[in-house]
1. When Lys and Arg each count +1 and Asp and Glu each count -1, what net charge do the other residues less than 15 Å away from ALA105, Cβ to Cβ, add up to?
2. Of all the Cα-Cα pairs you can form in region 144-203, what percent are over 20 Å apart?
3. Please give the net charge around HIS173, taking every other residue with its beta carbon less than 15 angstrom from that of HIS173, where Lys and Arg add +1 and Asp and Glu add -1.
4. Could you work out how far the C-alpha centroid of region 148-168 sits from that of region 46-119, in angstrom?
5. Could you give the Stokes-Einstein D for region 67-132 in µm² per second, using the C-alpha Kirkwood radius, 4 °C, 1.567 mPa s?
6. Per-residue counts of other Cβ atoms within 10 Å, averaged by peptide: what ranking do you get for 53-64, 153-164, 182-193, highest first?
7. Pop out the ³J(HN,Hα) list for region 82-90 in order, Karplus 6.51 cos²θ - 1.76 cosθ + 1.60 with θ = phi - 60°, rounded to Hz; leave Gly and Pro as x.
8. Roughly what would the spin-label model give for SER47 and ALA184, points 7 Å off Cα along C-beta, in nm?
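Nothing in this text is a laboratory measurement; each read-out follows from the coordinates by a stated rule. In this text the structure is predicted, and so the values were computed from the model without any measurement. Cβ placement follows ideal geometry from the backbone for every residue including glycine, while neighbour counts extend to all protein chains displayed.
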Amino acid sequence: MKSSDDGLTRTCLLTLALACSLSGPASAHIVAGEAGGFLSGFKHPISGLDHILAMVSVGLWGAQLGAPAIWLLPVTFPIVMAFGGFLGLIGVPFPGVEVGIAMSALLLGAAVLAQWRPPLFAAAALVGVFALFHGHAHGAELPPGESGLLYSIGFVIATGMLHLIGITIGTVHKWAWGRLLLQAAGACVAMGGVYFLWQAVVA
């Protein structure tokens, strides 16, 4: 068990290091906003309900699937999200970002509701695709004059915490009432996704 925990710790540290390295070129944006960059990045994922629902759902779904998905999905998301954030920071266009974010809440919530158990690779790939949309949205909304590097570190850490909340809630899956509770939570997330999708399409 200890070796598994050590491996997860090393993976999380590598994720953070990757986020830092990917964000490096964006530091040209900033000189004056070093202190604010981290806080802005940290607050960004928790400032929108669509982001919160999707990121918590990654943890919920991972907990439902069990090892190794319980750690693989929450590690895959920040790694790919950091890349998406880098694309947003340097201004690479990415069509349909808001629709992609809404679809992430809708489909991840539906996966939790249905207790869907796809192959591990398919689950990680789905999470990774959605992470691109979330990452691009974070990166593209870097406040003027703030550090792209610290901003990226902030939104990666906040995302990891949201995943951890989902995993913690998801531990109730081992009980029958807990499984029903998670399915109800998945239904709520999916309904939220429908609402956000309607907003994205209408807008």
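1. -2
2. Details: 965 of 1770 pairs.
Roughly 55 percent, once rounded to a whole number.
3. +3
4. Their Cα centres are 12 Å away from one another.
5. It diffuses with D of about 103 µm²/s by this estimate.
6. Ranking, from highest mean packing down: 53-64, 153-164, 182-193.
7. Coupling constants for region 82-90: 4, 5, x, x, 4, 4, x, 5, 8 Hz.
8. 3.3 nm
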